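These notes are about the structure you will find just below.
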Amino acid sequence: MEKKEDHSLEVLLTAEQITAKVNILGETISRDYADAYEIVLVAVLRGSVYFTVDLSRQLSVPFILDFIGISSYGGSSSGVVRITKDLDVNIAQKHVLLVEDIVDTGLTLNYLLKNLIIRNPLSLKVCTFLDMPGRRIVDVPADYKGFELPDVFVVGYGLDYHERYRNLPYVAKKNLEG
Ligand code: 5GP
């Protein structure tokens, strides 16, 4: 199906750049957890699903895939977050790798980490596809990260604008005035 060109988009990361980075992250994570019996990969719904699936295919360590759903009150960067779908797996005494699409203000990740740590995981690490350090309000750790970007609104590779653009194979800056 031919798609209409969208002039509001400016490509920042190509599909090839993303694939290469996901491969490197997969290798690094597999190496770091080489001695682990298994890990629990937690994808944050819905933006990180595309990244998590691709990353998981590059892992040589056994893993359980689980999902946590969140919704933000008062806009995505308010920091007031509610769990809409909890994990199915009990993560107590398990190695947990939380997979995020983007760390922007850090408020969402900060909430999630606090929520997960009280469940007594054996370890808790974070892998984020994108990092926008310029927008940080809370200092949160990202053990693994794909790309750092400047403070722009981006879509694609799981990231949406009103539920659109998630399926783009690349990441683009979205001009919100257009
Ligand atoms: P936070 O500001 O709490 O770090 O990020 C909250 C959430 O806002 C992210 O998980 C992501 O879903 C969304 N978000 C933040 N920045 C962007 C962006 O540039 N583009 C899109 N599509 N979503 C974003």
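The values are calculated or read from the model by the stated rules, or taken from the named source; none is laboratory data. This is a predicted model, so every value here is computed, not measured. A quick note on method: Cβ atoms are made from the backbone with ideal geometry, for glycine too, and the neighbour counts reach across all protein chains shown. In case anyone asks, the SASA skips ligands and DNA or RNA and just uses the protein heavy atoms, side chains included. Shrake-Rupley method; radii C 1.70, N 1.55, O 1.52, S 1.80 Å.
Out of all DSSP beta bridges in segment 7-145, what portion is antiparallel? Express it as a percent rounded to 5. Bridges in segment 7-145 that DSSP calls antiparallel: roughly 20 percent.
Rolling a 1.4 Å probe over the protein chains gives residue 128 an accessible area of about 0 Å². Across the chain, the longest piece that holds none of the GluC sites (Glu not before Pro) lying in DSSP loops with up to 12 other C-beta atoms within 10 Å covers 39-162. Each residue, residue 88 and residue 14, gets one label point 7 Å from its Cα in the Cβ direction; the gap between the two is 3.9 nm. Based on every Cα atom in segment 1-111, Rg and the maximum pairwise Cα distance Dmax equal 16.2, 49 Å.
Surface calculation, 1.4 Å probe, protein heavy atoms: residue 44 sits at approximately 10 Å² accessible.
Across the protein chains, with a 1.4 Å probe defining accessible surface, the residues 63, 147 rank 63, 147 from largest area downward. Counting only lysines at least 8 places from residue 114 when in the same chain, those with an alpha carbon closer than 17 Å to its own are 85, 94, 125.
Using a probe of 1.4 angstrom and keeping all protein chains present, the accessible surface of segment 62-178 works out to 50 square angstrom per residue. Taking only protein heavy atoms and a 1.4 Å probe, the accessible area of the chain is 50% carbon and sulfur.
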